[in-house]
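K.L.:
What follows is a single structure, and I will ask about it in a moment.
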Amino acid sequence: MNTGRAYIPGLYIHFPFCRSKCGYCDFYSVTETSLVPSFLEALSTEAALYRGEFTTFDTVYLGGGTPSLMRPEQVDALLVMLRGTFTILDNAEITMELNPADLTREDLRALYQAGVNRVNIGVQSFHDQKLQLMGRRHDRRQALSAIEEAAAAGFDNIGLDLIYNLPHQSLEDWRASLEQAIALHPAHLSCYELELKPDTPLGRKFGRGECAGRSEDLAREFFMETSKTLEEAGYIHYEVSNFAAGMGRASRHNRKYWDHTPYLGLGPAAHSFEGTRRWWNRSSLKGYLTDLSNRKRPVEGQEDLRSEELAMEALFLGLRTKEGIDLDRYVRLYGRDLMRENRHQIEEWSRLGLVEISGGHIRPTRSGMAVADALAMI
Amino acid sequence: MQNIRNFSIIAHIDHGKSTLADRLIMKTGVCDQRTYKDQMLDSMDIERERGITIKSQAISLPYTASDGETYTLNLIDTPGHVDFSYEVSRSLASCEGVLLLIDATQGVQAQTLANLYLAMEHDLEIIPVINKIDLPAADVERVLEQIDSELGLDPATHLACSAKEGTGVDEILEAIVRRIPPPKGEATKPLAALIFDAYYDAYRGTVINCRVFDGEVKAGDTIRFMSNGSIYRVEEVGRFLLDRQKRDTLSAGEVGYIIAGIKTVSSVSIGDTITLDDRPCAQPLPGFKKVKPVVFASIYPIASDDYEDLSDALEKYKLNDAAFIYEKDSSAALGQGFRCGFLGLLHLDIVQERLEREYGLNIILSVPSVRYRFTLKDGTELHVDNPAHYPNPMNIIKSEEPYIRASMMLPDKYLGAVMTLCIDRRGVNSNMRYPSPGRVELTYEMPLSEVIFDFYDKFKSVTQGYGSFDYDLIDYRTSNLVLLDILVNGEKVDALSQIVHRDRARARGVQACERLKDEIPRQMYKIAIQGAIGGEIISRSTISAFRKDVTAKCYGGDITRKRKLLEKQKEGKKRMKMVGSVSIPQSAFLAVLKSDKDS
């Protein structure tokens with residue numbers, strides 16, 4: 001596996017608008033799309049406020065929210081603005097999240113022309129009833145069509161998002177969805193377990209989920225089945241919820257979050273990280289717009305990470321990835337020799353088949369990934 | 001002496017004792033609003049949080065009455081838990097009267113009665129005071145009826161107040177002066193002073209709180225403790241207002257403090273009589289009892305590096321808690337630690353909490369035990385308060401355990417439930433008395449081991465808080481005892497062992513396994529918990545391994561929130577002790593004794 005990465009910063013844009021709120025989502029978004037132009041203007045002000053502090057990016061990620069609510073001309077203008085403010089490398093990965101209901105083939109072609117070279121389509125399920133349950137505004141037919149149209153528009157780096165362990169979902173239902181996804185040959189698959197968060201409509205409806213037939217045992221089966229099925233189909237399970245058709249197809253942008261590469265987040269509620277400092281923007285579009293009309297960075301909070309905090313993050317993030325933790329780099333960056341401090345424990349894990357120690361790395365196995373949070377307790 | 005009044009306030013929990021005490025303090029001008037600290041008399045954090053008084057304290061209030069005379073009103077506060085009932089009795093022995101405080105919304109409650117009986121035992125003047133009359137739910141008429149029928153007091157003698165609002169407080173002060181008799185005693189007789197409390201002051205050593213019955217004491221005197229004959233030279237005497245106020249003498253009838261270069265509070269016994277070495281009184285004051293610990297448990301540091309810190313902390317803690325005893329101990333499972341003795345489980349709780357809070361230690365306590373007595377084949381008699389020292393069963397010819405006499409007072413409608421509870425706890429020789437219609441006084445003889453753990457909680461719950469309970473140790477009785485061991489993943493954890501009655505062993509084993517299953521968090525592998533007697537497995541439970549605990553999403557760059565969550569979990573894990581390859585939380589060691597989940 002290639003570990004010699006360049007650690008060039010990534011740029012995240014949080015587009016905080018949705019036409020409607022999905023039943024499981026607790027990310028920040030609003031539905032007043034009339035404010036999109038003001039938002040895009042504020043965004044360019046915000047970008048300018050970071051010029052100098054950040055100069056070069058090799059990934060751009062348009063997330064949200066629902067960035068596919070932007071007209072292709074608006075995306076084009078946004079990317080032009082970003083290129084004018086920062087250096088976006090020629091080979092940069094430029095990802096945009098798409099809702100299958102939003103775009104025509106012409107729109108997709110225009111996005112491709114504007115420079116977007118990777119799309120992540122929020123399919124979530126190929127089952128209409130499940131889509132309704134989740135409060136998605138698209139159906140199975142639109143999902144299949146969006147994938148087809150994106151390919152026809154020229155995109156070859158297409159990722160699909162799917163959600164499993166839905167209320168009353170059986171393992172067979174899920175396996176069928178996976179087979180369907182595999183048949184479409186996407187370059188990338190993100191398969192998330194549904195988390196019932198208390199502040200979401202689904203969370204309120206199902207509580208902790210026992211009544212909907214969910215359990216930790218079942219969650220594990222879903223997880224193991226997903227990993228096994230997709231790996232057998234040739235995908236690499238490179239992070240807890242992420243699968244790529246070859247490491248070249250892994251999300252370069254998301255990997256930065258997991259290995260302490262710096263990133264700049266623009267837009268409400270976006271998070272940024274630079275070396276030892278992390279800060280986050282206000283989770284309010286109004287507040288965000290007000291701050292930027294005063295040419296003030298809309299930062300809500302920040303933290304300076306102590307080395308033990310960085311070490312903790314590198315540990316739990318590293319144990320979520322197939323690449324695992326580079327033990328030498330870990331000592332160098334965080335001053336802790338994991339093997340020496342926890343030899344007994346790590347050997348025990350190895351004996352239990354939770355991790356493998358090889359090539360100077362400690363890597364979680366499939367079973368290990370399923371309990372990565374508990375592994376990070378050393 | 002005619003102008004001294006010594007009194008206590010006694011009440012059921014939450015009937016407003018501390019609020020009234022604060023009012024009296026403010027009204028008499030000892031402290032103003034500015035220096036007023038919420039609930040002055042309960043000065044320890046733990047006391048304030050739990051709403052109970054642990055230590056007795058005393059304060060002297062100057063008061064000019066309507067007759068124009070100035071009086072000194074000595075308010076002696078009392079602890080409010082059965083673990084400390086001896087301290088309460090010594091505080092009351094130092095008074096001539098009490099304010100019996102009753103909540104106007106709740107009426108007469110268990111502790112109202114228990115406290116009334118205590119006060120009557122000491123022949124004290126009792127002034128019933130109905131508190132919280134400002135509340136909409138106040139029902140003074142009903143309380144007056146209860147004062148008559150349940151307490152057997154003349155309702156015409158009552159006072160009414162709202163300690164919170166400050167109404168009726170003047171009348172209370174006047175009643176203290178007019179109705180509570182002045183102390184008797186003669187200043188010219190040999191000194192006889194009763195110790196009702198002692199605490200440690202970092203600069204002055206032990207400060208004794210006492211009530212002088214006869215004679216007088218002053219700086220320079222040589223005093224003698226009558227229980228052990230030890231002798232000290234008095235450095236200072238005085239009384240408490242908000243702080244210590246030095247005086248020339250303390251004499252008959254007065255309440256105050258003595259400082260005499262005494263290094264630890266352990267050298268002082270509550271209830272002991274102080275006299276003068278060169279002119280001793282003929283008899284000590286009645287009622288002295290050496291308080292002995294009845295519950296034993298070992299304390300271990302969670303990180304073995306903290307052993308020295310724990311040792312220092314215990315040494316310092318001991319300075320201020322005479323009832324607490326400790327000695328070195330070691331466990332195969334938990335390493336080096338200390339064996340400690342406590343007055344009861346509340347006392348144990350308090351010690352544990354103070355060690356953690358005031359000394360910043362992470363500690364773990366083994367399963368508490370009482371002190372058993374074994375007679376061996378070679379004739380030796382062995383006292384065992386630590387199950388790890390249980391003798392080889394082949395050598396035992398007689399096993400005995402301590403018994404108590406429990407006295408309970410309750411409304412008769414709970415009688416059946418309480419008797420069932422007592423029989424379940426191996427109670428024998430019951431006795432019953434009806435002091436007033438509808439009220440039962442019930443006594444039982446029971447093994448101490450059945451009472452100290454959760455009996456009190458159970459009792460309170462079956463009597464819905466209307467029962468009061470007290471106990472006295474009576475003797476040791478022959479009992480069929482066995483050692484119940486707990487194995488975690490096949491490894492014996494000595495700190496989880498308990499000595500139990502053979503008939504109860506199986507049930508206890510099942511209970512322990514079930515409780516541990518709830519208390520020990522899941523880990524990477526399956527954990528087997530077994531109960532065993534002499535190698536025979538009698539119960540088992542299994543804790544399944546983690547299945548999936550990893551969160552699905554960890555991007556959008558919000559790593560901070562996730563890290564904080566994990567840090568919190570990790571912090572919790574620090575409070576667990578690794579035993580072999582299993583982390584056992586502190587709570588597990590006490591939980592094995594609890595009979596079910598809700599207690």
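K.L.:
I need the full set of residues from region B:254-297 which are of a type in the set (Lys, Arg) and under 13 Å from B:Leu191 (Cβ atoms), in order please.
P.N.:
Of everything in region B:254-297, just one residue is of a type in the set (Lys, Arg) and under 13 Å from B:Leu191 (Cβ atoms), namely B:Arg279.
K.L.:
Go through region A:1-22 and report how many residues are surrounded by 20 or more Cβ atoms within 10 Å (Cβ to Cβ) and either farther than 29 Å from A:Thr85 by Cβ or modelled with pLDDT under 90 (or both).
P.N.:
1
K.L.:
May I pose another question? Which ones in region A:261-277 are farther than 16 Å from A:Phe27 by Cβ, surrounded by 21 or more Cβ atoms within 10 Å (Cβ to Cβ) and not hydroxyl-bearing (Ser, Thr, Tyr)?
P.N.:
A:Leu264, A:Phe273
K.L.:
Against the condition surrounded by 24 or more Cβ atoms within 10 Å (Cβ to Cβ), of a type outside the set (Lys, Arg) and part of a strand (DSSP E or B), how does B:Leu99 come out, does it pass?
P.N.:
yes
K.L.:
Further question: Does any residue in region A:37-57 that is over 14 Å from A:Glu274 (Cα atoms) come within less than 8 Å, Cβ to Cβ, of a residue that is surrounded by fewer than 12 Cβ atoms within 10 Å (Cβ to Cβ) six or more places away or on a different chain, and which pairs are these?
P.N.:
Short answer, once both residue conditions are applied: A:Thr45/A:Arg295; A:Leu49/A:Arg295.
K.L.:
Scan region B:113-141 and report the pairs whose first residue is hydroxyl-bearing (Ser, Thr, Tyr) and whose second residue is at pLDDT below 95, with Cβ atoms within less than 8 Å and a gap of 6+ or a chain change.
P.N.:
Close Cβ pairs (under 8 Å, with a partner that is at pLDDT below 95) amount to B:Tyr117/B:Met409.
K.L.:
If you don't mind, another one. Conditions: (1) of a type outside the set (Val, Ile, Thr); (2) assigned to a helix (DSSP H, G or I); (3) at pLDDT 90 or above. A:Pro186 meets all but one. Number of the miss?
P.N.:
For A:Pro186, the failing item is (2).
K.L.:
Is it the case that A:Leu338 is within 12 Å of another protein chain (Cβ to nearest Cβ) and either of a type outside the set (D, E, K, R) or within 15 Å of A:His237 (Cβ to Cβ) (or both)?
P.N.:
no
K.L.:
Suppose we keep only residues that are more than 10 Å from chain B (Cβ to nearest Cβ), of a type in the set (D, E, K, R) and touching a strand residue (DSSP E or B) at 6+ places or on another chain (Cβ under 6 Å) within region A:234-284. Which one would you say is nearest to A:Met312 (Cα to Cα)?
P.N.:
By that ranking, first place goes to A:Arg277.
K.L.:
Okay, moving on. Counting only residues that are under 19 Å from B:Ala545 (Cβ atoms) and not hydroxyl-bearing (Ser, Thr, Tyr), how many does region A:215-244 have?
P.N.:
11
K.L.:
Which ranges mark the strands (runs of 3 or more DSSP E) fully within region B:495-599 that have 2 or more residues being among the small types (Gly, Ala, Ser)?
P.N.:
B:527-533, B:536-543
K.L.:
Within region B:318-363, track down each residue that is of a type in the set (S, T, N, Q) and modelled with pLDDT under 85.
P.N.:
B:Asn320
K.L.:
Shifting gears a bit: Out of the residues in region A:341-358 meeting the condition of being acidic (Asp, Glu) and within 12 Å of chain B (Cβ to nearest Cβ), tell me which one is surrounded by the most Cβ atoms within 10 Å (Cβ to Cβ).
P.N.:
A:Glu348
Yes or no, residue by residue, for (1) among the charged types (D, E, K, R); (2) under 29 Å from B:Ser269 (Cβ atoms); (3) within 17 Å of the chain's Cα centre (by Cα):
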site	(1), (2), (3)
B:Asp77	yes, yes, yes
B:Asp83	yes, yes, yes
B:Tyr86	no, yes, yes
B:Ser89	no, yes, yes
B:Ala93	no, yes, no
B:Glu96	yes, yes, no
B:Ile102	no, no, no
B:Gln106	no, no, no
B:Gln111	no, yes, yes
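K.L.:
Of the conditions (1) in contact (Cβ under 8 Å) with a residue 40 or more places away in the chain; (2) more than 28 Å from A:Glu347 (Cβ to Cβ); (3) crowded, with 18+ Cβ neighbours inside 10 Å; (4) not aliphatic (A, V, I, L, M), B:Ser587 satisfies every one except a single condition; which number is it?
P.N.:
Here B:Ser587 clears every test but (3).
K.L.:
Out of all the residues in region B:515-541, which are within 14 Å of chain A (Cβ to nearest Cβ) and loosely packed, with under 15 Cβ neighbours inside 10 Å?
P.N.:
B:Lys526
K.L.:
Are there strands (runs of 3 or more DSSP E) fully within region B:324-414 with at least 2 residues that are hydroxyl-bearing (Ser, Thr, Tyr)? List them.
P.N.:
Those strands (runs of 3 or more DSSP E) span B:325-331, B:372-376, B:396-411.
K.L.:
Within the group A:Leu230, A:Leu196, which residue is more than 9 Å from chain B (Cβ to nearest Cβ) and assigned to a helix (DSSP H, G or I)?
P.N.:
A:Leu230
K.L.:
Working only within region B:544-562, note down all residues that are among the β-branched types (Val, Ile, Thr) and more than 7 Å from every other protein chain (Cβ to nearest Cβ).
P.N.:
Within region B:544-562, none qualify.
K.L.:
Also: Given the residues A:Arg175, A:Arg220, A:Arg214, which is the only one that is in a loop (DSSP other than H, G, I, E, B) and either within 14 Å of another protein chain (Cβ to nearest Cβ) or touching a residue at least 40 places away in the same chain (Cβ under 8 Å) (or both)?
P.N.:
A:Arg214
K.L.:
State which residue is nearest to A:Tyr164 (Cα to Cα) when the search covers only region B:563-583 and only residues that are in contact with a Ser or Thr (Cβ under 8 Å, 6 or more places away or on another chain) and more than 7 Å from every other protein chain (Cβ to nearest Cβ).
P.N.:
Only one residue tops the list, namely B:Met576.
K.L.:
Take region B:236-246 and flag every residue that is more than 14 Å from B:Ile274 (Cβ to Cβ) and either at pLDDT 95 or above or of a type in the set (Gly, Ala, Ser) (or both).
P.N.:
Listed by number, the residues that qualify are B:Glu236, B:Gly238.
K.L.:
Here is a further query. Would you call A:Asn254 of a type in the set (S, T, N, Q), surrounded by 21 or more Cβ atoms within 10 Å (Cβ to Cβ) and not assigned by TED's automatic domain parsing to the domain that holds A:Gly159?
P.N.:
So A:Asn254 does not fit the description; no.
K.L.:
Which of the residues spanning region B:243-298 are part of a strand (DSSP E or B), touching a residue at least 60 places away in the same chain (Cβ under 8 Å) and among the β-branched types (Val, Ile, Thr)?
P.N.:
Residues satisfying the conditions are B:Val255, B:Ile258, B:Thr273, B:Ile274, B:Thr275, B:Val295.
K.L.:
Now a separate question. Kindly indicate the residue of region A:359-377 that is of a type in the set (A, V, I, L, M) and at the interface with chain B (Cβ under 9 Å from one of its Cβ atoms) and also nearest to A:Glu347 (Cα to Cα) among those meeting that condition.
P.N.:
Among residues in region A:359-377 that are of a type in the set (A, V, I, L, M) and at the interface with chain B (Cβ under 9 Å from one of its Cβ atoms), the one nearest to A:Glu347 (Cα to Cα) is A:Leu375.
K.L.:
Against the definition (crowded, with 21+ Cβ neighbours inside 10 Å and small (Gly, Ala, Ser)), how does B:Ser369 come out, yes or no?
P.N.:
Judged against the criteria, B:Ser369 is a match.
K.L.:
Within region A:156-183, track down each residue that is of a type in the set (Gly, Ala, Ser), surrounded by 15 or more Cβ atoms within 10 Å (Cβ to Cβ), more than 18 Å from the chain's Cα centre (by Cα) and at pLDDT 95 or above.
P.N.:
A:Ala181
The values are calculated or read from the model by the stated rules, or taken from the named source; none is laboratory data. Quick caveat: nothing in here was measured; it's all calculated off a predicted structure. Heads up, the Cβs are rebuilt from the backbone with ideal geometry, glycines too, and the neighbour counts pull from every protein chain shown.
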